[in-house]
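These notes concern the structure reproduced below.
No lab work stands behind these numbers, since they all come straight from the coordinates. Keep in mind the model is a prediction, meaning the values are calculated, not measured. Note that we place each Cβ from the backbone using ideal geometry, even for glycine, and neighbour counts take in every protein chain shown.
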Amino acid sequence: MSNPAFAAPSAYAYPLLLKQLLHTPLATAADQEIVYRDRCRYTYRDFRQRLGRLASALAARGVVPGQTVAVMDWDSHRYLEAFFAVPMMGAVLQTVNVRLAPEQILYTLNHARADLLLVNGEFLPLLAAIRDQLETVRGFILIADDPAALPAGFAGEYEALLAAARDDYDFPDFDENTRATTFYTTGTTGLPKGVYFSHRQLVLHTLATAAALGTAPDSGRLDRGDVYMPITPMFHVHAWGIPYVATLLGIKQVYPGRYEPDTLLRLIAAEQVSFSHCVPTILQMLLTSPAGQSADLAGWKVVIGGAALPKGLAAAALERGIDVFAGYGMSETCPILTLARAGSAGDAAAQVEARVKTGQPIPLVELRTVDEDLRDLPRDGRTAGEVLVRAPWLTQGYLDNPEAGAALWAGGYLHTGDIGSLDAGGTLQITDRLKDVIKTGGEWISSLELESLISQHPAVAEVAVIGLRDAKWGERPLALVVLKSGSSADAGAIRQVVQAAAEAGRISRYAVPERVDFVAALARTSVGKLNKKAMREAAGGG
Ligand code: AMP
């Protein structure tokens, strides 16, 4: 028998499109500000007008629905405009990772079949190196903070094009499953892989993230009174999607351009920034930079993701009054899957414990941990296996790479490639990447746990632990340690931290590294994450 509910006609189906996120802020917070460094400041009302102008200008340059508009810029109000206007036209926004090598940038633009490129003048030398090998790009628009000469073959300069364009572009309705954005993962192996997200996915990710952050306990909450500034690049998973959340909530937004510690700290103070997100390295850099050591950062809420939040860093941030907590996700997952939830009660050690947890699933996220046969593992907070996930906003595959997409979705769940455990309360703890876990003496040792332990030694600025091949044990851990300037420690002191944890039964005795190397810096990927593949190769034991 047919279900009569299915047949009910709908007067207006209300597709979940990015343009719908604008109704509430424009109705209730039209005078709220959007700021770009000390260069530009305007209201949400102006923002909406500029979206119309940008779309008109792009349409005049031949952009039609289904085409791809690529952007190479630092974090800016212009990027936020592209976040909305390009998808709202029915076109696809490609956010280009400007830190990739030129040949990889070339690969991603050709692979995504980008039609038009908006490029910050700072990247013109890079563009010059690849321009004659671009296969599909047929137009360029220059982005410049200051008046600049237009390079040959460019259709115009961003501000001039907007100034000359009409603001009454009529953003149409269309299928909510239309692709809105695409960008490329930045793994350490193989060619970059394209992930993609639809309007429906971005809207649902925005709503779920707003719900999770807005219902956080008395720490880590995002609300209308906050001032938001990203410190995760907008090219990387839409700056974790928080610009969409901030816009929906009508929050003041501050865009810092290229990340320079002094500029970031100055903006935090001058604009009273209260909510940001970044990878651990950036927070570490801000806290220890000359200006950062004396900056008043009390009350600043910071989500740390992209890598585990080490306990040492969490403790240092809490001491400065920073409301720091972990979040978890990946390029393939739009990205947010979990957020650590901590109240403000408990002593310092308890606060650190709560805040470094990988976190609880945000609304609509289903998490599993499984063994090699995809059987669910007990939710006992100890048993670790691969983390699988379903949520409405996960990439449905990789662009033009069905084999990799099928592997990603084997068994109907997205495979994160991360190892973790779930507890009875639904809290996830990631213990490693599948490919970074250290297998020694028949046991799996969590490199993240070792790093978190060693990070608590007072002389340690940064640490990475990798597995090196070993004839007897399979693999043995090697700790690479960067010391704080002016501090000293020897290998024995580092080893002692792990030894003590092993003796207390908190970590396997196989985890104690024989080898501790002191290094000046740790190898990193283009987005600032530890590049353990490069470290293993450099240490000769990959
Ligand atoms: P990416 O796709 O470059 O954003 O990288 C995603 C990967 O970063 C995940 O699969 C994890 O391995 C790692 N990651 C992100 N957030 C966390 C976290 N809170 N704890 C541990 N690992 C994380």
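Structure above, values below:
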read-out	value
Per residue convex hull volume, Cα atoms of the stretch 76-129, in Å³	81
Debye intensity ratio in log₁₀ form over the Cα atoms of the stretch 83-201, taken at each q of 0.12, 0.13, 0.15, 0.19 Å⁻¹	-0.50, -0.59, -0.78, -1.16
Sequence ranges 474-482, 439-447, 496-504, 201-209, ranked by mean other-Cβ count within 10 angstrom, highest first	201-209, 474-482, 439-447, 496-504
Amide H partners (placed H, <5 Å) of residue 118, local residues excluded	70, 71, 72, 141
Cα centroid of the stretch 134-189 to Cα centroid of the stretch 229-249, whole Å	18
Descending principal axes extents, the chain, alpha-carbon based, whole Å	70, 68, 49
Prolate/oblate/rounded label for the stretch 421-542 (Cα gyration tensor, a/c 1.5)	rounded
The stretch 198-265 shape via C-alpha gyration tensor axes, a/c threshold 1.5	oblate
Sequence-separation-based contact order of the stretch 146-199, relative, with Cα cut under 8 Å and 6+ spacing, percent	26
The stretch 1-156 - percent relative contact order, Cα under 8 Å, separation 6 or more	18
Other-chain or far-sequence residues with amide H under 5 Å of residue 396's (modelled H)	196
Radius 12 Å from Cβ of residue 227, net charge of other residues (Lys, Arg +1; Asp, Glu -1)	-1
Rounded if a/c under 1.5, otherwise prolate or oblate - the stretch 297-414, Cα gyration tensor axes	prolate
Karplus 3J(HN,Hα) series, Hz, for the stretch 321-336 with 6.51 cos²θ - 1.76 cosθ + 1.60 (x for Gly, Pro)	x, 7, 8, 9, 7, 8, x, 9, x, 8, 3, 5, 10, 5, x, 6
Lysines whose Cα lies under 27 Å from that of residue 311, excluding same-chain neighbours fewer than 8 positions away	301, 357, 435, 439, 484, 529, 532, 533
Length-normalised contact order of the chain in % [C-alpha pairs under 8 Å, at least 6 apart]	11
Karplus-derived HN-Hα couplings along the stretch 228-242 (A = 6.51, B = -1.76, C = 1.60, θ = phi - 60°), whole Hz, x at Gly and Pro	9, 9, x, 10, 10, x, 5, 6, 9, 6, 6, 6, 6, x, 6
Other-chain or far-sequence residues with amide H under 5 Å of residue 302's (modelled H)	276, 323, 324, 325
Along principal axes, Cα extents of the stretch 217-341, largest first, whole Å	36, 30, 29
Table column - 3J(HN,Hα) (Hz), the stretch 171-176, Karplus curve with 6.51, -1.76, 1.60, x for Gly and Pro	6, x, 7, 7, 4, 5
